[in-house]
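Structure record follows, encoded as structure tokens.
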């Protein structure tokens with residue numbers, strides 16, 4: 001099973017090739033779990049520092065921005081072709097959809113449940129709509 005979304009391919013399926021991912025599989029694969037895991041570890045360390053609320057809020061915003069950039073760089077380096085394009089659109093949004101609610105303890109009044117819900121809904125919608133397809137090859 002590929003870590004990245006498997007694109008739809010025109011024509012007959014070659015022996016040994018992965019099947020294209022279903023919408024549910026795409027939702028899972030678009031989430032940059034490696035980045036979210038590292039973010040969660042560092043975020044937890046930030047919580048343990050017990051910073052004053054104002055510093056904690058700006059610290060977590062800076063951390064989210066840093067990891068958002070890391071997500072884009074990581075996806076750009078690890079993927080290619082139509083899969084890269086799809087992941088570069090959905091994975092950064094998926095990172096925000098996960099990191100925002102994870103960070104709620106330090107965001108204070110900047111955390112809004114409706115925004116968290118909206119981000120999750122956007123990721124699901126994008127995962128359904130953005131289906132990488134390899135172009136047909138002319139013979």
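The values are calculated or read from the model by the stated rules, or taken from the named source; none is laboratory data. Because the structure is predicted, anything quoted here is derived from the model rather than measured. Heads up, the Cβs are rebuilt from the backbone with ideal geometry, glycines too, and the neighbour counts pull from every protein chain shown.
Of these, 46, 68, 63, which one is under 22 Å from the mean Cα position of the chain (by Cα) and modelled with pLDDT under 95?
Being under 22 Å from the mean Cα position of the chain (by Cα) and modelled with pLDDT under 95 holds for just one of 46, 68, 63, which is 46.
With region 1-109 as the region, which helices (runs of 4 or more DSSP H) entirely inside it contain at least 3 residues that are surrounded by 17 or more Cβ atoms within 10 Å (Cβ to Cβ)? Show your work before the answer.
Numbers: elements: 23-30, 33-48, 53-78, 81-102, 104-107.
In region 1-109, 23-30, 33-48, 53-78, 81-102 are the helices (runs of 4 or more DSSP H) which contain 3 or more residues that are surrounded by 17 or more Cβ atoms within 10 Å (Cβ to Cβ).
If residue 20 satisfies all but one of (1) free of Cβ contacts under 8 Å to residues at least 12 places away in the same chain; (2) in contact with a strand residue (DSSP E or B) (Cβ under 8 Å, 6 or more places away or on another chain), what's the number of the condition it fails?
Unmet condition: (1).
How many residues, within region 60-75, are under 16 Å from residue 111 (Cβ atoms) and touching a helix residue (DSSP H, G or I) at 6+ places or on another chain (Cβ under 6 Å)?
2
Every residue in region 110-119 that is without any contact (Cβ under 8 Å) to a residue 24 or more places away in the chain and assigned to a helix (DSSP H, G or I), please. If you could, list the steps in order and put the result at the bottom.
Residues of region 110-119 that are without any contact (Cβ under 8 Å) to a residue 24 or more places away in the chain, as a first pass: 111-118.
Those that are without any contact (Cβ under 8 Å) to a residue 24 or more places away in the chain and assigned to a helix (DSSP H, G or I): 113, 114, 115, 116, 117, 118.
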